């Protein structure tokens with residue numbers, strides 16, 4: 001089946017069809033100004049990262065098609081991109097950005113302060129589906145002149161420049177913004193060349209880019225391969241040059257093979273067993289605590305992440321500043337889990353765990369269902385495609401439990417959104433988070449961060465599982481791969497062939 005699918009990709013284009021007769025590996029490498037990357041998931045619902053929550057949208061588009069005022073680098077540092085520089089007021093509420101001159105969008109329209117204002121006003125608007133909409137609604141944008149813009153924020157956030165480098169902060173061109181999902185227009189070094197739904201996306205270098213001479217790759221093709229066995233086969237055959245966040249279970253086949261490089265990356269992600277906090281009996285904190293106590297995190301890390309991960313007790317990873325260890329609050333304790341269920345008056349509990357396609361979710365579901373069965377909880381596993389997960393779980397909140405990795409570095413604000421998909425509503429949390437967002441002194445913010453982590457653990461909003469480590473397998477001659485992944489991107493501008 002894998003070979004049939006792989007050949008099927010080639011038939012979509014006459015140009016690619018002509019390559020089908022070439023020896024293995026030529027398709028992927030070709031001339032050294034093109035590259036084939038693979039991803040487990042296809043972007044959905046489209047190629048506008050301001051219109052959907054899927055991280056796969058940014059993996060194709062961020063810094064490639066679209067750009068932001070700032071750029072997040074592999075080490076987590078933030079540098080200018082569409083902004084040349086910025087100044088911050090002492091109270092951290094006013095940011096003045098000097099914009100890069102002579103920049104154009106792919107359709108020839110100029111990049112300027114008006115485009116920045118349009119982009120952020122659009123993100124905050126009534127029709128906005130931007131997952132960071134709340135952040136933009138606390139922001140006002142003032143145009144000083146064509147190349148100067150002032151951002152005023154009601155919430156104090158020392159990480160604001162970092163947030164402005166994420167995919168939800170892309171600067172869009174006003175006339176074309178509404179069609180970005182299918183015909184994306186940005187200021188980046190690449191344009192969409194072709195999208196074969198269910199198979200691949202091709203980007204071509206844009207010669208109108210302000211620094212086109214520094215861009216080494218003329219073409220990049222992203223292929224979508226969810227099946228772990230097919231991932232291995234594509235890499236081994238040379239049909240794929242680099243696979244970021246490949247299924248860890250396959251890594252041993254590439255270690256020690258001098259054709260490949262294996263890069264193990266840190267992350268700011270949190271893999272959780274998310275719970276629908278308004279669905280009975282999950283609205284009872286004792287039931288949520290029982291579920292958390294039934295789960296052996298070490299076994300989950302081994303089964304879901306093949307040992308690549310660090311246990312977490314709250315929605316915060318060990319690599320982030322201000323982390324405290326809360327794993328003891330809901331430690332693995334099956335006897336305690338049974339006692340909590342009895343105390344809550346819950347017998348013969350049956351729940352469904354909805355699992356999106358990534359192997360960590362499908363593999364993790366099997367481990368967790370087995371663990372829950374040992375405390376008297378029957379967990380039915382329901383495998384769904386990514387579009388179904390986005391629609392039913394994330395959109396309609398129609399689920400009991402689900403396994404998902406939240407990859408945004410700073411997303412504690414989601415717990416203050418009463419309409420967010422996990423239906424958590426806590427006046428105490430909202431008050432604590434509001435205080436955190438309006439406190440300027442660093443030491444006070446660090447204390448509040450710790451209080452937030454403890455409260456989420458005590459409320460057992462979810463069964464917090466682990467911080468994953470991501471593995472990239474690539475041809476040994478690919479250069480410019482990110483060593484760590486504070487955000488999910490495939491930054492083509494940094495890539496080249498040795």
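Quick note: the coordinates plus some simple rules give every number you see, no bench work behind them. Given the structure is predicted, the values throughout are model-derived calculations rather than measurements. Every residue, glycine among them, receives a Cβ derived from its backbone with ideal geometry; neighbour counts consider all protein chains shown.
Taking other C-beta atoms within 10 angstrom as a stand-in for reagent exposure, 424, 360 fall in the order 424, 360, fewest first. The order of 134, 101, going from fewest to most other C-beta atoms within 10 Å of their C-beta, is 101, 134.
What value, in deg cm²/dmol to 500, does the helix sum -39500 (n - 2.57) over DSSP H runs of n ≥ 4 give at 222 nm once divided by the residues of the chain?
Values: 14 runs with 127 residues, N = 498.
For the chain, the value works out to -7000 deg cm²/dmol.
Arrange the peptides 136-144, 447-455, 283-291 so that the one whose residues have, on average, the most other Cβ atoms within 10 Å appears first. Display every interim value, and only then the final one.
Values: 136-144: 15.8, 447-455: 18.1, 283-291: 21.3.
Peptide ranking by packing, descending: 283-291, 447-455, 136-144.
The simple spin-label model puts a point 7 Å past each Cα toward its Cβ; for residue 435 and residue 391 those points are separated by 4.4 nm.
How do 254, 105 line up, fewest other C-beta atoms within 10 Å first?
Final ranking by Cβ density, sparse to dense: 254, 105.
For the chain, what does the relative contact order come out to in percent, with C-alpha contacts under 8 Å and a separation of six or more? Walk me through the intermediate numbers first.
Numbers: 1051 pairs, mean separation 104.3, N = 498.
Once divided by the residue count of the chain, the mean separation gives 21 percent.
For the stretch 332-396 and the stretch 212-245, write down the distance between their C-alpha centroids in whole Å. The stretch 332-396 and the stretch 212-245 have Cα centres spaced 33 Å from each other. Extending 7 Å from the Cα toward the beta-carbon at both residue 91 and residue 143 defines two label points whose distance is 2.7 nm.
With Cα atoms defining each centre, the stretch 46-86 and the stretch 303-320 are spaced 25 Å apart in the structure.
Once you order the gyration tensor axes a ≥ b ≥ c over the Cα atoms, which shape class does the stretch 70-178 get: rounded for a/c under 1.5, otherwise prolate or oblate by comparing a/b with b/c? Rounded is the answer for the stretch 70-178, as its axis ratio a/c remains below 1.5.
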